[in-house]
Amino acid sequence: MAQDARRDAARELTRLASGSKNVHVLVITSPGRRTGVPRSTCVRYLDTAGGFVVWGTGSGSPRDPDWFRNLRTAAVADVQVGAKRLRVKPRELADTERDAVWTDVVLAQAPEVAKYARKAGRTIPVAVLEPVEPE
């Protein structure tokens, strides 16, 4: 079942990635916070020195997207960027660190996401997906 979810997410990744050369998406798979069943979804990301920055606008939804809520409880997650797969440790940013990354990274490189933050009327959660060295 998890393999089917990853395959479907990879198809969605291909569809999304073909829409714009300026928008980069990855497939993230993390355990569901209640069931533990792996859940995969495509999310937009930005590269940084510390890993991949992701944010949960939920297209302007008044609540955080489920994938981000799952990510909060995950010790590790799997990411696929193009053909490359790796394990990451998600780290949700808070307070001044979150605000700085939101302004200086996300809004600086993807200013169009501000409209979703306004529509949502909430603080958009931001996380860094830090690659984990294989053991």
Q. What are the ³J(HN,Hα) values, in whole Hz, obtained from phi via the Karplus relation 6.51 cos²θ - 1.76 cosθ + 1.60 with θ = phi - 60°, for each residue of the stretch 84-99 in sequence order, with x given for Gly and Pro?
A. 8, 10, 8, 9, 10, 10, x, 9, 6, 8, 9, 6, 5, 5, 4, 4
Q. Counting Lys and Arg as +1 and Asp and Glu as -1, what is the net charge of the other residues whose Cβ lies under 15 Å from the Cβ of PRO62?
A. +4
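If you stretched the chain out fully between TYR116 and SER59, how much longer would it get, using 0.36 nm times the residue separation minus the C-alpha to C-alpha distance?
Extra length from TYR116 to SER59 when fully extended: 20.0 nm.
Each value in this text was obtained by applying a stated rule to the coordinates, not by laboratory testing. Predicted model only: the values in this text are computed from it and were never measured. Glycine gets a Cβ as well: all are built from the backbone with ideal geometry, and neighbour counts include every protein chain shown.
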